[in-house]
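Bear in mind these aren't lab numbers, they're just calculated from the coordinates by the rules spelled out. What you are looking at is a predicted structure, and each value in this text was computed from that prediction instead of being measured. Cβ coordinates were reconstructed from backbone atoms using ideal geometry, including for glycine residues, and neighbour counts include every protein chain displayed.
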Amino acid sequence: MGKLGTTLAALALGFAAAGPAAAVTAPSLAVAAPTVDAGTVRRGEKIEARFAIRNEGTGTLAIREARPACGCTVATFDREIAPGRGGEVRATVDTSRFSGPITKTVSVVTNDPSHPQTTLTIKAVVEP
């Protein structure tokens, strides 16, 4: 086998070895609007925020956690989102202990290798 034959054989082996590994699937989290502004609310009102998320990857997106920054916020979420599909993270903020401008966050932890964590934000002005 000449130089060209050896080179072609090496390339063919390289492509064969890379084939299955190159087909690795990965999820990709996309958040339509990472901040929700609830405007002005009365003290004691509960703010319901919904964050639309989408899996733009080729593997199933798993949301492992949605951690609110404080005890005044409770978060629920869709645990798995298929490729090309949408889901939600929902957060409820109890405003009974606040007055004035507030900003509350929820940290979302996923299996997206490029963005394993993202922060969602809820803003409002609480009137007495």
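When segment 79-106 is filtered for residues that are part of a loop (DSSP other than H, G, I, E, B) and touching a residue at least 24 places away in the same chain (Cβ under 8 Å), the ones remaining, listed by number, are Ala82, Pro83, Gly84, Arg85, Thr95, Ser96, Arg97, Phe98, Ser99.
For the residues Val93, Val74, Val89, Val126, the requirement of being within 19 Å of Val36 (Cα to Cα), surrounded by 13 or more Cβ atoms within 10 Å (Cβ to Cβ) and touching a Leu at 6+ places or on another chain (Cβ under 8 Å) singles out Val89.
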